[in-house]
Amino acid sequence: MTMTTYTVPLFLLALLIGLAPMALDIYEINAWNIGTAKAQPWRVKRAGALQHATRAVVAWCACLASVCRQRWVLPATVMAVALILGHAGYAHAHTLGGAAIAGHLSLEEVKTALDEAGRLYKGQFDDINSKIKALETKGAAVDPLLLEVREKLNKAIEDASAKNDAWIAMQATVNRLEKQGAGSAKEGGRDFEREAKAFNLERRSVLAAKGQTGQTPDVSVDEYKGYVKAFDRYLRTGEKGLTPDEMRALSVGTDSAGGYLVDPDKSGQMVKKVFETSDVRRFASQQTISTDALEGSADLDEASGGWVSELGTRSDSTTPAVPFPWKIPVHELYSQPKASQKLVNDASIDIGNWLNGKVSNKLSRLQNVAFVTGSGVGQPRGFASYTTSTTYAWGTPEHVGTGTSGGWGTDPNGIQKLNTLMGLLKDTYVAGSNFFMNRTTKFSIRNLTDASAAGKFVFIPSFVAGVPDQLLGVNVVVFQDMASYSTGSALAIAYGNMARYYQIVDRQGVSVLVDPYTSKPYVIFYSTARVGGDVIDFEAMKFLKFV
């Protein structure tokens, strides 16, 4: 068999493209084992098997080319096969690195990722750190490659930890929704009686805002079914496409802003999706109301008392201070996704599910930011938005400074400041307490040591599915919207009981106004919800400030 000179250059190029990722894979494995020349045997075997397979395919393609008498068959086929094999090998070698968490993870996926991360941590990671520590102890310069490899290993381990965090959050969401009665079903997979009760509660909230409390009777289950049917048609056609009977059915759910209440089945799906993506909601207190604000009070004082003998003098009891009142108003939050008229008219598309996905995604992202750093003006007040001080006072959370702006300082300063932070929290708040930080700050803690000769790390990641990472015996929770430690004067770490510290308030109901006119040829679905949030117990949380 003869291979023409026309084909050889293309063949060599395709083979080089296909095998290049394999060489990179072996290089990275060797880098993880600095000071050795070995690679993991199974990876070597896999590379050899792929090379053998590539040679076999090339020979087969050459035979095909000689039969077909077409010079382009061989280079084109070889290039396609080589690219596919090379890409598959490279993707398999990077199972942990840079994995994006999308959709629902299975428990087996999480276990596999954590097992691999555990092997990295107990093998290469420990070896790399011991070498870095030995060089630092001698006062010698640390090879930048060692530091780079340690960061790569840290990233791979943190990616596995992120999968575990997502699994834990998903399970928490399922448990919370089950407690709220989500998922019950009767007729056609829906409990219309339960939905009608929820719908009437939402209507009462709207009527109360209009000053019409008690003027309109609740809708029956049959009337509610008519509303659901009319609302589904409203989403596709707007008011112009409704019959007089459908307009009458829809009128019972008119919102104060001119739109219509989303029926509880759809709004419940929106709430579920918001819960799945809202980090703060997993830990803060939540309350659904039918008014415009939630009010309460904080008891900051107590009556005097003490021990006394049977005939001893009892002094008059000191009158306790009046409890400090607080009020958390709800703020309007909107989302206005657009859809083409063609999409809306397509009967094969569930416009309700499409709307749920668009609205819940936007609402959850806006809420996540507001619950952390919101100003309180036209939006919730974030739990990390208050001015803090080194001494506690009501309305002013307490913080511990690191002594270094945007950094941890020299070991063991980091561990000492974390211990000081934990010591500030009163015993009554310790049960249910967590560390809260973003992933960048959590990543930096991995390099903190106790400055001993052994260089022991204070942060030990979890390699057990369903068990979160811990720092000094306390669970670590990632709130990605918190400030990073490298930002000067940042409140980058919070420690305390979020359920006692922060209150989220939801007003019942989500409303939608369909607008087919403003942005032709698109239809705008102007959707609104009302949410509030604020701190209710300033003693329940302490902050580490990088200043």
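Quick note: the coordinates plus some simple rules give every number you see, no bench work behind them. Note that the structure is predicted; figures quoted are calculated from it, not measured. So basically every Cβ, Gly included, is an ideal-geometry build from the backbone, and we count neighbours across all protein chains shown.
Observations on the model:
- Using the Cβ-Cβ distance between residue 480 and residue 547 with R0 = 25 Å, the FRET efficiency computed as 1/(1 + (r/R0)^6) comes to roughly 0.70.
- Burial ordering of 385, 433, 489, fewest other beta-carbon atoms within 10 Å first: 489, 385, 433
- Residue list for region 425-469, given a label point 7 angstrom along the Cα-to-Cβ vector of residue 137 and an amide N cut-off under 12 Å: 452-456
- Fully extended contour minus Cα-Cα distance, from residue 290 to residue 369, at 0.36 nm per residue: 26.0 nm
- Computed from label points 7 Å out along Cα-Cβ, the spacing between residue 151 and residue 221 is 6.3 nm.
- Judged by the mean number of other Cβ atoms found within 10 Å, the most tightly packed of the peptides 514-523, 536-545 leads the ranking 536-545, 514-523.
- In plain terms, the chain from residue 392 to residue 410 could stretch by 3.8 nm, reckoned as 0.36 nm per residue minus the Cα-Cα distance.
- Taking other C-beta atoms within 10 angstrom as a stand-in for reagent exposure, 307, 394, 408, 354 fall in the order 307, 394, 354, 408, fewest first.
- Calculated from backbone phi, Karplus (6.51, -1.76, 1.60) coupling profile of region 399-405 in Hz, x at Gly/Pro: 9, 10, x, 7, x, 9, 6
- Sequence-ordered 3J(HN,Hα) estimates for region 459-470 from the Karplus curve with 6.51, -1.76 and 1.60 and θ = phi - 60° stand at 10, 10, x, 8, 10, 10, 4, x, 10, x, 4, 10 Hz, glycine and proline given as x.
- Using the Cβ-Cβ distance between residue 460 and residue 326 with R0 = 35 Å, the FRET efficiency computed as 1/(1 + (r/R0)^6) comes to roughly 0.35.
- Relative contact order, percent, region 409-501 [alpha-carbon distance under 8 Å, six or more residues apart]: 37 percent
- Amide proton proximity set for residue 401, modelled H, under 5 Å, gap of 5+: 545
- Violating pairs (Cα-Cα greater than 32 angstrom) within the set 138/417; 133/417; 197/542; 358/417: 197/542; 358/417
- Taking 7 Å steps out from each Cα toward its Cβ at residue 517 and residue 439 produces label points 4.6 nm apart.
- Under a 5 Å amide H cut-off, with hydrogens placed 1.01 Å from N, residue 504 pairs with 285, 286, 287 among residues at least 5 apart or on other chains.
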